[in-house]
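Data first, discussion second: the structure below is written as structure tokens.
Rule-based calculations on the coordinates, nothing more; no lab input. In this text the structure is predicted, and so the values were computed from the model without any measurement. All Cβ positions, even for glycine, are placed from backbone atoms using ideal geometry, and neighbour counts span all protein chains on display.
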Amino acid sequence: MAAITGLDRPEDSTPKPASNAPDFPSDFLWGCATAAHQVEGGNINNDWWAFEHNPSTAARESSGDGIDQFHRYAEDFALLKALRHNTHRLSLEWSRIEPAPGEFSQSAIAHYRRVLTELADAGLVGFVTLHHFTLPAWFAERGSWLAPDAIDTFERYCRLVTTELGDLMPYVCTINEPQMIALHGYLEGYHPPGVTNPILWRRVGRVLLEAHEAAVRAVHECAPGAKAGLAVQLPLLVPARSDDTTRAFCAAMRAEIVDLYLDGLSGADRGDWLGVQYYRKQWVDTASPTLFAPPPAGTQVSQMGWAVFPEGLRLMLHRAAETGLPLYVTENGIATDDDAERIDYIESHLYAVAQARREGIDVRGYIHWSAFDNFEWSEGYGPKFGIIAVDRENGFARTPKPSAYAFARVAASGRITDLRHTHSY
Ligand code: BGC
């Protein structure tokens with residue numbers, strides 16, 4: 001494990017403001033998120049691996065060995081604990097657990113039992129995602145989410161894992177970002193299955209909502225102690241121009257990307273909490289081939305070209321709160337090589353969360369994306385989202401960045417100003 005320095009410095013003499021009340025309560029959850037395919041390595045039996053290796057792929061490179069977390073999870077959890085996290089979000093790889101239809105791997109289940117036990121022993125409250133973008137290759141070959149038995153098949157997997165591992169899953173996230181699965185996979189075509197079809201885009205979103213409800217039923221029946229929730233990505237969508245056509249188009253996109261999922265969480269099986277994932281503001285533009293205009297000149301953008309706009313997080317927390325569900329920020333982060341920019345991003349977005357809380361929004365945790373630099377889907381290993389660097393050329397060595405220590409300080413005290421203080425806690 002990497003040496004932890006900078007955490008236990010003696011108290012400094014920096015004068016503190018008179019009112020030093022924490023911005024967040026002591027039971028607030030602090031942590032980071034990852035997903036199996038982005039960190040484990042060697043996930044060769046899923047649709048993403050096939051997509052990465054297709055000669056006409058939109059993906060830049062193979063996920064390959066990931067950051068080898070399949071073997072290094074214990075060291076990673078110990079590092080996160082030392083960095084004062086009290087929660088961690090990760091995902092299970094369905095293709096390992098069910099390598100062929102109806103054939104469940106006892107070895108994979110035992111592996112994840114060891115992983116989740118280690119997580120609990122490290123004192124990290126587990127947010128366990130059942131489906132984070134990757135599907136078993138056999139499920140994809142049968143038509144992915146559009147196959148007639150897709151929901152039943154997903155529900156069977158959910159029942160199996162929650163029966164086997166539910167005692168180790170305080171929080172179950174059923175599906176990660178159904179909107180992005182639909183948008184990237186079926187309209188924009190740069191995630192599997194690489195389709196660009198507006199009819200299928202709309203259909204898949206609705207199937208995924210039903211799949212979420214089936215998964216919630218499975219969690220409640222098979223793991224009664226677990227709380228189930230959906231993680232939705234909620235970009236702040238605004239019209240690129242103020243003419244009626246652009247505004248109407250923006251409203252239609254918002255209906256499909258935001259409203260469908262939030263207003264759709266209304267039935268008995270909607271779940272117990274909602275995960276809000278927020279990265280950016282986007283300008284919807286019917287005249288653009290990608291449906292989104294590039295951010296206006298002068299806008300701060302990340303390595304992904306995404307516009308930084310912290311106020312959007314506060315606004316989308318308000319929108320998500322209309323569901324009446326308790327909220328957790330389950331992803332928020334920036335791809336940048338400039339770690340000082342990451343600290344600024346964390347700071348401005350935490351102020352947005354704190355303000356939403358003061359305005360009465362029930363936000364119970366902040367889970368940053370991501371713990372480690374990792375495989376950023378079609379963009380490969382270029383974008384750096386992590387608070388911990390990983391040297392993939394040299395034994396996968398982990399090195400916390402200054403942002404990891406800054407985050408540790410605020411996680412320990414609940415005070416945003418401690419991001420920039422170096423006193424002990
Ligand atoms: C996904 C992550 C991804 C991140 C940054 C989210 O859409 O859940 O898997 O790496 O955003 O793109």
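Membrane-span-like helices in the chain, defined purely by DSSP H runs whose alpha carbon atoms cover 18 Å or more axially and whose average Kyte-Doolittle hydropathy reaches -0.5, are 69-82, 106-121, 150-165, 198-222. A compact globular protein would have a Cα radius of gyration near 2.2 N^0.38 Å; the ratio found for the stretch 28-419 is 0.92. Have a look at the DSSP beta bridges in the chain and tell me what percent are antiparallel, nearest 5. DSSP beta bridges in the chain are roughly 20 percent antiparallel.
Counting only GluC sites (Glu not before Pro) that DSSP places in a loop and that have at most 13 other Cβ atoms within 10 Å, the longest clean stretch of the chain runs over 62-321. In plain terms, if you count all Cα to Cα distances in the stretch 251-372 and split them into 10 Å steps from zero, the share in each step is 12, 40, 35, 13, 1 percent.
For the stretch 126-142, the Karplus equation 6.51 cos²θ - 1.76 cosθ + 1.60, evaluated at θ = phi - 60°, returns couplings of x, 9, 10, 8, 7, 9, 10, 6, 8, 10, x, 4, 5, 5, 5, 5, 8 Hz by residue, with Gly and Pro reported as x. Structure remark: mean-square fluctuation, Gaussian network model of the chain, C-alpha springs under 10 Å; the largest value among D362, D244, D65 belongs to D244.
Note on the stretch 96-142 and the stretch 223-277: Cα centroid distance 26 Å, given to the nearest whole angstrom.
Kirkwood analysis of the Cα pair distances in the stretch 16-88 returns a hydrodynamic radius of 15.2 Å. Both radii come from the Cα set of the stretch 302-425: Rg as radius of gyration, Rh as Kirkwood radius; their ratio Rg/Rh reads 0.99. Could you pull out the pairs from K227/K384; K281/K384; K227/K401 whose alpha carbons sit more than 29 Å apart here? Long pairs (Cα-Cα over 29 Å): K227/K384; K227/K401.
A simple charge model with +1 on the Cβ of Lys and Arg, -1 on the Cβ of Asp and Glu and nothing else charged puts the dipole of the chain at about 720 debye relative to its Cα centre. Among G185, G395, G275, the residue with the largest mean-square fluctuation in a Gaussian network model of the chain, with springs joining Cα atoms closer than 10 Å, is G395. Close amide-amide hydrogen proximity is noted between V172 and V128, K227, A228, G229, each under 5 Å apart and 5 or more residues distant or on a separate chain (H modeled in the peptide plane; Pro and chain starts excluded).
Calculated [222 nm] ellipticity per residue, helices only, for the chain: -11000 deg cm²/dmol; basis is -39500 (n - 2.57) per DSSP H run with n ≥ 4, divided by all residues, nearest 500.
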